[in-house]
Amino acid sequence: MYMARRFMIAVTALAFAAVWGLVASNETQAQMVKDGKIHIIYANTYQPTWPATHIYNRDVARKLASFSNNRITVETFFGNTLCSEHKCVEQMDQKSVDLTNISVGNAGAFGRTLDFLVLPYLFESDESGIEIMHEWLTDYLNEQMRRPGDMNLHIVGWMPWCGFRQLLHNRNKDIRVPADLKGFKMRTTKSPAEFALMKAWGSVAVPYDWTQVYTGLQSGIIEGMFNMECHLEMSDFHEVMKRSTHVDGAWHIAMMVQNAARREAELPDWAQDAIDRTGRYLDTTILAYDSYLTNVTLDTLEEKRGVAIYRPNPDEMKLWRQGAVSVWASDEFKRTYDPKIVRRILNDQGNDAFIKELEAAGAL
């Protein structure tokens, strides 16, 4: 099993039941602030075996207390015990949840401001992505999401998880270049960018429910998916998929978020600062922990699970990147990003070659 399981946190149903009444009470729903102190309800869908959950369980309460001089307390409800990912965001409007996590891809249900973050090859690594977020991009995104009619979210911190999406499959040969995907039935999420990318690379894109992926791979309805390699281990997909092509196609990133309007209306400046400092600490800590566990998982897959991971050479990687340019240049996605912002992100990473490719295609 995925190596993070050695860090499993024992959580009992009785403990959640004991505090449920407080979560649902009128007092909790009415306000976060009382008698100069703040009590936060933090809910997400993350399971005990996930790397980030270990960090949140260990650090979120003590860091909020430390950065606020013991004026902020928190109750955590993880693993779908209070709400699903989408519902947790909605419940922030209803004041029954104050803090939650959502992936950038699924945040598209609330607006398209963040859609461009999952476009292929925008980021070179977890480390460069988090660095740019910390330096300026988070501030820009928070400003955009506060516009009238936009997403009304405030990003507290980021949650890297298992690196980048790769091509996982069960064909008995390596997929080295996009031409090898011709006619290949690849499962996609409902993300328009992912669907378009699979088609651009020549595969047959098949939107398929996550709960049916294992049996779909067994039956041949699908032959692979665009996902992180850690799923081969933590979801036992190595039993039905024994190959991966390491294309580093799209950064997999989630966010810790608050309702922006409630944050500004209900929280004093010192509390906002303490929460943001906690988010910054958590995403930096999670990055280091997740990077370590991702490397451990790759070793486990290759050495113990019999998974063959193909790592394209530089010339082959150029072909994967070239195939992704058409997604950027399509009318559907050109409208989802500010070219100046994309150019700055790529410039910050020294990615001049990709800038030239996007310019030549009319994407920048």
Of the residues in region 250-272, those that are over 14 Å from the mean Cα position of the chain (by Cα), small (G, A, S) and buried (at least 20 other Cβ atoms within 10 Å of the Cβ) number 1
Hey, does region 258-268 have a residue that's assigned by TED's automatic domain parsing to the domain that holds A52, under 25 Å from I130 (Cβ atoms), assigned to a strand (DSSP E or B) and of a type outside the set (D, E, K, R)?
yes
Got at least one residue in region 287-295 being surrounded by 14 or more Cβ atoms within 10 Å (Cβ to Cβ), modelled with pLDDT of 95 or more and touching a helix residue (DSSP H, G or I) at 6+ places or on another chain (Cβ under 8 Å)?
no
Failed condition for I175, given (1) in contact with a helix residue (DSSP H, G or I) (Cβ under 8 Å, 6 or more places away or on another chain); (2) within 17 Å of S326 (Cβ to Cβ)
(2)
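With in the same structural domain as H54 (by TED's automatic domain parsing), acidic (D, E) and at pLDDT below 95 as the only criterion, which of D283, D276 stands out? Even if it seems obvious, please write down each step before you answer.
Values: D276 fails: at pLDDT below 95.
Just one listed residue meets the conditions, D283.
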Hits in region 323-343 (condition: in contact (Cβ under 8 Å) with a residue 40 or more places away in the chain and either in contact with a His (Cβ under 8 Å, 6 or more places away or on another chain) or in a helix (DSSP H, G or I) (or both))
G323, A324, S326, V327, W328, E332, F333, I341, V342
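Can you tell me which residues in region 296-315 are touching a strand residue (DSSP E or B) at 6+ places or on another chain (Cβ under 9 Å) and part of a helix (DSSP H, G or I)? Even if it seems obvious, please write down each step before you answer.
Let us first name the residues in region 296-315 that are touching a strand residue (DSSP E or B) at 6+ places or on another chain (Cβ under 9 Å), namely 297-298, 301-302, 307-312.
Passing the criteria: T297, L298, L301, E302.
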Consider A254 carefully, then state whether it is outside any helix (DSSP H, G or I) and in contact (Cβ under 8 Å) with a residue 60 or more places away in the chain.
yes
Select from region 98-118 the residues that are more than 21 Å from N44 (Cα to Cα) and modelled with pLDDT of 90 or more and write down the one among them that is nearest to the chain's Cα centre (by Cα).
L117
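The values are calculated or read from the model by the stated rules, or taken from the named source; none is laboratory data. Keep in mind the model is a prediction, meaning the values are calculated, not measured. Heads up, the Cβs are rebuilt from the backbone with ideal geometry, glycines too, and the neighbour counts pull from every protein chain shown.
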